[in-house]
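Written below as structure tokens is the structure these notes are about.
The values are calculated or read from the model by the stated rules, or taken from the named source; none is laboratory data. On a predicted model such as this, the values are computed, not experimentally measured, just so you know. All Cβ positions, glycine included, derive from the backbone under ideal geometry; neighbour counts span all protein chains shown.
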Amino acid sequence: MKIHDVKIITIGYGYSDVLASNPNFLNHYNFNGLNILKLFKNIKKINMEFKPDIYHFFDDVTYNILRFYIGSNKHKVILSKCGGPNIEWPYVNNLILFHRENNDFYKNIPKFKDVHIHLIPNRVQKLEINDLFQPIPKDTDSFNFVRICRIGISYKKSIEDSINLVFYLHKKDSLKQSYTLLVLLKINLFITSLSKKLRITRE
């Protein structure tokens, strides 16, 4: 069985505890759009020390920043599109898709006719209904807000804005209802920040 040596790096302003906990995680490089020379220096160091044969990107922004610096002639480059709308992405030699509608879309784009496109559908197991699950009841006498988003530091302001909106309406007597706020967050710094801001006590 062939064993591959894999290293994971993350680039951007957001840090992922989930990816960082992976045994193959190498480093996170903070990138704000201006420190591009520093980013190139870090990638050059990886090239010299780790000497990767393949670069696998999971977002088009990072790929666009590094594709000319890395060069597809020296390394094999793979880009995975993790769902989302059918938007024409930059050209890449190897493209992995997770949805059939994305696959049909890219196969009909002329500039992608020579691209190696791989479809990997149905990546999750079928969900089963749990009869013991007790959903949060909806109060029919009040206006209910639902905020759906990923749990991460990148969404901190968005979640805070949603909470502040409810508080604002409550103070203005627009909503005559008592609220119980349940916030389940994974990043400890995020929890601490929100707890102080909203005066939440964790019991």
- line: Sole miss for Leu79 among (1) in contact with a strand residue (DSSP E or B) (Cβ under 8 Å, 6 or more places away or on another chain); (2) within 26 Å of Lys156 (Cβ to Cβ); (3) outside any helix (DSSP H, G or I); (4) of a type outside the set (Lys, Arg) is condition (2)
- request: Would you check which residues across the stretch 28-52 are over 20 Å from the mean Cα position of the chain (by Cα) and closer than 13 Å to Lys7 by Cβ and list them?
  value: Asn42, Ile43, Lys45, Ile46, Asn47, Glu49, Phe50, Lys51, Pro52
statement: Among residues of the stretch 56-93 being charged (D, E, K, R) and either over 21 Å from Lys113 (Cβ atoms) or not assigned by TED's automatic domain parsing to the domain that holds Phe112 (or both), the residue surrounded by the most Cβ atoms within 10 Å (Cβ to Cβ) is Asp59
message: Condition check: outside any strand (DSSP E or B) and not hydroxyl-bearing (Ser, Thr, Tyr). Does Val92 satisfy that?
response: yes
message: One residue is enough: does the stretch 44-53 have a residue meeting the conditions touching a His at 6+ places or on another chain (Cβ under 9 Å), farther than 24 Å from Pro90 by Cβ, not basic (Lys, Arg) and not in a helix (DSSP H, G or I)?
response: no
- prompt: When you look at Gly33, is it closer than 15 Å to Ile11 by Cβ, modelled with pLDDT under 85 and in a loop (DSSP other than H, G, I, E, B), yes or no?
  reply: yes
statement: Condition set β-branched (Val, Ile, Thr) and either exposed (fewer than 10 other Cβ atoms within 10 Å of the Cβ) or over 25 Å from the mean Cα position of the chain (by Cα) (or both), scope the stretch 116-132, selection nearest to Pro85 (Cα to Cα): answer is Val124
message: Show the residue pairs meeting these rules: Cβ distance below 7 Å; 6+ apart or different chains; first residue within the stretch 32-55 and closer than 17 Å to Ile78 by Cα; second residue of a type in the set (Phe, Trp, Tyr).
response: Ile43/Tyr69
- request: Please give the number of the condition Tyr29 fails out of (1) touching a residue at least 40 places away in the same chain (Cβ under 8 Å); (2) in contact with a helix residue (DSSP H, G or I) (Cβ under 9 Å, 6 or more places away or on another chain).
  value: (1)
message: Looking at the structure I just gave you, is Val124 in contact with a helix residue (DSSP H, G or I) (Cβ under 7 Å, 6 or more places away or on another chain) and modelled with pLDDT under 70?
response: no
Among (1) touching a strand residue (DSSP E or B) at 6+ places or on another chain (Cβ under 6 Å); (2) at pLDDT 90 or above, the one test that Lys38 misses: (1)
